[in-house]
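Structure first, commentary second.
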Amino acid sequence: MKRMLAGIAAAAFTVAPLAAQQLGMPNWSSPKGGTGITLNGDLAMPNTNLGKGTAFGARGSLGLANITLTAGIASWKPKGATESFTSVGGQAGFRVIGGSLIPVSISLQVGASHAGAANGDSAQTRLGLGGAVSVSVPTPGLSIEPYVAVNNRWYKFSGVSGTPSHIGLTLGANVGFGMLGLHVAYDSENLGGGVKGGIFGIGAHVALKAPIGM
């Protein structure tokens, strides 16, 4: 169970919203960033290796030029579990390449999340460090941003020695219709021994901001 939780704790603070990642959620990202506030509602479904079940979450991002700060909360109940895991997290994203005249954006991200003990498992803290790259697709009336994010994830379980780490890969896309938008992502993490954890997520957001390039 400890390994399962380590795999699913994929994280984040996102770069607008490169992703405040909580337990059971993929690593949401948006490397191009923007200024202002973005509010997100998220739904995710971990695979069998991570305990299945459904996770619900909410995130808020504040974009300040090339820096985006994100914080969020999520609740995930594995299949057959009697309790839900509640986790909170945050992330800082730094856009190093990209802007109004450059369709490709690259961002660096650092974040942390904490999940409380539940279902007999220890509380855990996860640290994440990595980056993401995206491309802005020129489409009339739409804002389409497919992205790839990679980060290393360190886990610390309460009362357990050692700090295991795994590499996580996320493929996703953000679609905007003015202030409103949708986001989708699939997060994969190698848990060791040929076992891979996967999380599919989808959600909607409201952007009270001026996106880069507008």
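Figures for the structure shown
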{"item": "Percent breakdown of C-alpha pair distances by 5 Å bin, ordered from the shortest bin, for the stretch 144-214", "result": "4, 13, 18, 17, 15, 12, 9, 7, 5, 1"}
{"item": "Listed residue pairs exceeding 31 Å between alpha carbons, taken from K52/K156; K156/K209; K52/K209; K32/K79; K156/K196", "result": "K156/K209; K52/K209; K32/K79"}
{"item": "Spin-label pair V150/L101, simplified geometry with 7 Å Cα→Cβ offset, distance in nm", "result": "3.0"}
{"item": "Kirkwood Rh in Å, taken over all unlike Cα pairs in the chain", "result": "16.5"}
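Quick note: the coordinates plus some simple rules give every number you see, no bench work behind them. From a predicted model like this one, the values you see are computed outputs, not experimental measurements. FYI the Cβ positions are ideal-geometry reconstructions off the backbone, even for glycines, and counts take in every protein chain you see.
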